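Asker: Here it is, the structure in full.
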Amino acid sequence: MQIGDQLNTIVQSIVDDIKAKVDADLASTIADQITQAIAAYDFDSTLAELASPSIAKKIAEFPLDTAHINAEIGRIGTAAVTNLKDTIAAQVAVAAKEYVDGIDVVPLINSALTAYITSTKFPKNSIAASAIDFDNFILSGDQVRGGIIAEFGSTGIDDRATQCQLTVLDNAVVIEQTVVATGLQIKGSAKIEGDLAIDGELAADSNAVKVLTKSISDTTLANIAEAGVVAPKLVFDNKTIIDDKEIAPTVLKSNLRKVGTLEDLQTRGETLLDNTLYVSQKRVGVNTLEPSYALTVWDDDIEVAVNKVGKGRAFIGSHRPVNITLGAAGKDNISLDIDGSVTINDLRLGALPLSTASAEPNWAGRAGEIVFNDSPKIGQPIGWVCLEGHRWAKFGIILE
């Protein structure tokens, strides 16, 4: 059965129900009005008025026949009642027609039809798709639930996939294949597992490039600080500047702070090493930038100099009024005093020691060792010579 036939049947049934209800109400209303009219009608007066002229005439024309009179009165009363009923029926029909014409049956039909359609359960597969007018058909998305929509499309979506490519979860969105987009904007952190390939240029003034550049720079500097620069060579302008063996001769200036063992180091001009060794104009200064001699060494307020004092003669000492000590192993072996004197603590001539004493030595000496008398007197020796062990002999008696 088509939907049109079903709707016609439903409408006809509703109309019949309404018509039956209206007929019943109308019949009841007419009956009530007739009953009221009849109950209120003064049949006696009417009949008396209608019958009086006729009765008087009949009385005048005919002999008084009580039976005939009663029969005539009954006939006339019956006719009057019949005429009265016809009149009342006509009036009731007019009133009923006016009442029915005044009734707006459309809301009644709509209400009844809505109630019927709402409560009616259509059989499964009873409504064909061709029977539905889809021109103004609107289906809310809230009414769509479950199932797979094949070849789905909308104003902003064109689904051509043959299998699931996008899964939306509460905590993630899973995309099975490559994402192709004209632009990408990520608010928050981004984690990439795998290779990142960029086919195009990155805007140098973009915040992402600035952050990435700073991160790479910081990481590179940290790696350099920790592990140094790991590269077989350093190239600038297609020229090798530094390799694993040498620095290119084109490097004219540098600010090296620390180097290892240098071979064949040559410098030109002033040279200052660690604020200590200064070299310039055939002068070498230690702890001074103004060396007065070929070699000038300063240690606090003491100056030691090495320089030429004449043809074929060099000077090693100090041009300042200071005493000079020559020694070895931290011992003061020779003292050069500012008065020109020289003090030798342990003087040896060849292998023989030379020393002084105020009395004949009493220690075991070496044969040939000489001890000079540092308290000479008349009749005393100039000194003593060791014969062997504790044997000492005087030499050079002092005479007056």
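The values are calculated or read from the model by the stated rules, or taken from the named source; none is laboratory data. Predicted model, so just to flag it, every value in this text is computed and none were measured. Cβ atoms come from the backbone with ideal geometry, glycine included; neighbour counts cover every protein chain shown.
Asker: Taking the stated definitions as given, is residue 202 surrounded by 10 or more Cβ atoms within 10 Å (Cβ to Cβ) and in a loop (DSSP other than H, G, I, E, B)?
Answerer: Values: surrounded by 10 or more Cβ atoms within 10 Å (Cβ to Cβ): yes; in a loop (DSSP other than H, G, I, E, B): yes.
Answer is yes for this residue.
Asker: Moving on to the next point. Being out of contact with any Ser or Thr (no Cβ under 8 Å at 6 or more places or on another chain) and surrounded by 15 or more Cβ atoms within 10 Å (Cβ to Cβ): is that true of residue 353 here?
Answerer: yes
Asker: Do we find a residue being under 30 Å from residue 268 (Cα atoms), under 60 Å from the mean Cα position of the chain (by Cα) and not in a loop (DSSP other than H, G, I, E, B) anywhere in region 300-317?
Answerer: No - not one qualifying residue is present in region 300-317.
Asker: What single numbered condition from (1) among the aromatic types (Phe, Trp, Tyr); (2) touching a residue at least 24 places away in the same chain (Cβ under 8 Å); (3) surrounded by 14 or more Cβ atoms within 10 Å (Cβ to Cβ) fails to hold for residue 372?
Answerer: Failed condition: (2).
Asker: Looking at 187, 233, can you tell me which residue is among the basic types (Lys, Arg) and surrounded by 10 or more Cβ atoms within 10 Å (Cβ to Cβ)? Give the derivation first.
Answerer: On the way: 187 fails: surrounded by 10 or more Cβ atoms within 10 Å (Cβ to Cβ).
Of 187, 233, the one residue that is among the basic types (Lys, Arg) and surrounded by 10 or more Cβ atoms within 10 Å (Cβ to Cβ) is 233.
Residue-by-condition table, conditions (1) farther than 22 Å from residue 335 by Cα; (2) outside the structural domain of residue 328 (by TED's automatic domain parsing); (3) polar (S, T, N, Q):
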| residue | (1), (2), (3) |
| --- | --- |
| 352 | no, yes, no |
| 360 | yes, yes, no |
| 369 | yes, yes, no |
| 375 | yes, yes, yes |
| 378 | yes, yes, no |
